[in-house]
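Shown next, in structure tokens, is the structure this report addresses.
The values are calculated or read from the model by the stated rules, or taken from the named source; none is laboratory data. Predicted model only: the values in this text are computed from it and were never measured. A quick note on method: Cβ atoms are made from the backbone with ideal geometry, for glycine too, and the neighbour counts reach across all protein chains shown.
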Amino acid sequence: MANNKSSKKRIEIAERNRLRNRSYRSALRTLMKRCFTACSAYVQAPAEGDKEAVQQSMSAAFSKIDKAVKVGALHRNTGAHQKSRLSAAVKQAIEPASTSV
């Protein structure tokens, strides 16, 4: 346990930051899962409404990734990697469906 005032404060700050980072990462994983689910639903049954849902879910995930990187909850390279994964999944879902229809 910490002995002086400054180290006690650092422990409190570290805990606060840990909880904030955890909430950002959790929300990010949820939004990414939503986007991947929307992509697979669009591949199964392409519809214009589903295409719009894919685009909106990707946009929401991108926004959350950018905010997490800005706050420092996520490293910028990790954020870029996740955005690349999402972009590839959305492109793969939308491109073949538009050429076959």
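Annotations for the structure displayed:
- Among the candidates GLY49, GLY79, GLY72, residue that is at positive phi, free of Cβ contacts under 8 Å to residues at least 60 places away in the same chain and not acidic (Asp, Glu): GLY72
- Residues in region 66-97 that are among the polar types (S, T, N, Q) and surrounded by 17 or more Cβ atoms within 10 Å (Cβ to Cβ): GLN82 alone.
- Answer from GLU15, GLU95 - the residue that is over 13 Å from the mean Cα position of the chain (by Cα), modelled with pLDDT of 95 or more and in a helix (DSSP H, G or I): GLU15
- Residue match in region 52-62 (condition: part of a helix (DSSP H, G or I) and in contact with a Pro (Cβ under 9 Å, 6 or more places away or on another chain)): no
- From the list LYS70, LYS33, LYS51, LYS64, the one residue that fits, being more than 25 Å from GLU95 (Cα to Cα) and among the basic types (Lys, Arg), is LYS70.
- Among the criteria (1) modelled with pLDDT under 95; (2) over 15 Å from ALA88 (Cα atoms), the one VAL43 does not fulfil is (2).
- Yes/no for SER84 being without any contact (Cβ under 8 Å) to a residue 40 or more places away in the chain, polar (S, T, N, Q) and assigned to a helix (DSSP H, G or I): yes
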